[in-house]
1. Please find, within the range 22-51, the residue that is nearest to the chain's Cα centre (by Cα) out of those that are surrounded by 24 or more Cβ atoms within 10 Å (Cβ to Cβ) and assigned to a helix (DSSP H, G or I).
2. Please find, among 333, 367, 323, 338, the residue that is farther than 23 Å from residue 160 by Cα and either of a type in the set (D, E, K, R) or not in a loop (DSSP other than H, G, I, E, B) (or both).
3. Of the residues that sit in the range 279-300 and are hydroxyl-bearing (Ser, Thr, Tyr) and at pLDDT 95 or above, which one is nearest to residue 42 (Cα to Cα)?
4. Condition (residue is part of a loop (DSSP other than H, G, I, E, B), free of Cβ contacts under 8 Å to residues at least 60 places away in the same chain and within 19 Å of residue 323 (Cβ to Cβ)) applied to the range 254-266: is it met by at least one residue?
5. Consider residue 144 carefully, then state whether it is more than 25 Å from residue 27 (Cβ to Cβ), modelled with pLDDT under 95, aliphatic (A, V, I, L, M) and touching a strand residue (DSSP E or B) at 6+ places or on another chain (Cβ under 6 Å).
6. Could you run through the range 95-118 and say how many residues are of a type outside the set (D, E, K, R) and under 30 Å from residue 208 (Cα atoms)?
7. Filter the range 252-278 for residues that are modelled with pLDDT of 95 or more and among the aliphatic types (A, V, I, L, M) and give the result.
8. Could you tell me whether residue 39 is modelled with pLDDT of 95 or more and out of contact with any strand residue (DSSP E or B) (no Cβ under 9 Å at 6 or more places or on another chain)?
Amino acid sequence: MTATDAIVVGAGPAGSAAAIGLARAGARTLLLERSRETGDALCGGFLSWQTLARLEALGIDRAALGGQPVGRVRLLAGERRSETRLPSAAMGVSRLRLDGALQAIAITAGAGLERPVHATSIEAGSVRTRDGAMLAAPSIFLAAGKHGFRGFPREPAAWQRGDPAIGLRLRLPAHPALDRLVGDAVELHLLDRGYAGLVRQEDGSGNLCLAVHKSRLDEAGGDPASLLRALGDSLPHLGERLAYADWNRAVDAIGHVPYGWRTGETSPGLFRLGDQAGVIPSLAGEGMGLALASAEAAVTAWRHGGPGAATAYQERLAERMARPFALANLVWRAGESRRTAAPMTIMASLFPAMVRMISQATRIDTR
């Protein structure tokens with residue numbers, strides 16, 4: 001037996017959750033993280049009721065997490081708006097707090113966390129790092145998030161290839177007006193060739209994340225702040241929120257996000273997790289759900305079949321992702337179209353049960 005039973009690449013929610021499960025199962029686990037310190041990652045921030053249940057199973061009490069309660073989903077398209085109760089209580093919390101809590105539990109469970117270690121490739125059961133080291137283990141869990149990883153291309157859906165999606169994020173400072181405007185809702189602002197999601201987090205600040213096509217950013221001269229200002233001028237509801245923005249803060253960005261991509265392919269002993277297994281359109285609010293669900297499924301498969309279980313795990317996960325991804329893609333395409341965004345918001349107002357049904361149907365269930 002080698003000195004390390006499992007290497008986990010990436011200490012975000014997927015990687016840390018996998019490390020917790022592996023260590024608790026008795027595996028000698030090494031968790032690698034490229035950043036020197038835990039930061040507030042661009043993606044994530046909304047935790048669904050199902051995700052909160054998975055976090056509790058890992059040992060994170062939702063009350064102790066201290067995020068903002070979320071009970072409603074609000075759609076906004078131009079002047080139109082709709083509001084619907086979620087199927088169950090959700091939460092808004094920063095990735096800084098979430099990732100830190102999960103990493104602490106992984107260490108307590110017995111996993112070794114090494115940082116900053118920048119993994120660059122996976123070759124024949126070993127992880128190569130930027131400094132040339134080769135780290136070997138029978139099982140490798142790839143949880144590198146939305147960043148591309150050498151040797152594992154992720155192609156977006158055909159309809160995105162000519163105009164790829166870009167992720168943007170601006171933190172809105174805590175303000176009483178933001179409390180009044182957003183309250184306990186997660187907001188989805190529908191716009192031409194994209195959408196903006198807004199949820200309050202544990203300190204009362206607003207996490208404003210956008211998924212927009214590159215052509216929208218090009219029209220703003222390639223400047224994310226200019227795009228946000230233009231959107232605030234043209235969309236009254238979004239403009240109300242952006243009135244409280246601190247424009248001295250940088251707008252975070254990540255390019256060419258392959259929303260809708262998923263794979264059932266892997267290599268022996270390699271378990272692909274989270275965004276390295278599939279990237280669900282972010283307006284579904286299931287990115288963190290997919291991270292934790294894939295980690296849980298991968299650890300369960302490993303416990304029953306060891307490294308040899310990787311192929312069957314990946315194929316089954318891809319099958320389980322098919323319906324939620326298809327529905328999330330459909331809603332995203334309708335929401336970013338000028339022709340269908342307003343009618344979709346009207347339908348949401350008339351048929352709130354339909355919104356709750358979609359909210360349930362876009363969750364990832366691996367059990």
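The values are calculated or read from the model by the stated rules, or taken from the named source; none is laboratory data. Everything numeric in this text was worked out from a predicted model, so none of it was measured. Cβ placement follows ideal geometry from the backbone for every residue including glycine, while neighbour counts extend to all protein chains displayed.
1. Result: 51.
2. Matching residue, one of 333, 367, 323, 338: 367.
3. Step by step, filter the range 279-300, then rank; the result is 294.
4. Filtering the range 254-266 for residues part of a loop (DSSP other than H, G, I, E, B) gives 255-261, 263-266.
Subsequent filtering for residues that are free of Cβ contacts under 8 Å to residues at least 60 places away in the same chain retains 264-266.
This time we only want the ones that are within 19 Å of residue 323 (Cβ to Cβ), so: 264.
Looking for residues that are part of a loop (DSSP other than H, G, I, E, B), free of Cβ contacts under 8 Å to residues at least 60 places away in the same chain and within 19 Å of residue 323 (Cβ to Cβ), one finds at least one in the range 254-266, hence yes.
5. Details: more than 25 Å from residue 27 (Cβ to Cβ): no; modelled with pLDDT under 95: yes; aliphatic (A, V, I, L, M): yes; touching a strand residue (DSSP E or B) at 6+ places or on another chain (Cβ under 6 Å): yes.
No.
6. 12
7. 270, 273, 277
8. It is false that residue 39 is modelled with pLDDT of 95 or more and out of contact with any strand residue (DSSP E or B) (no Cβ under 9 Å at 6 or more places or on another chain).
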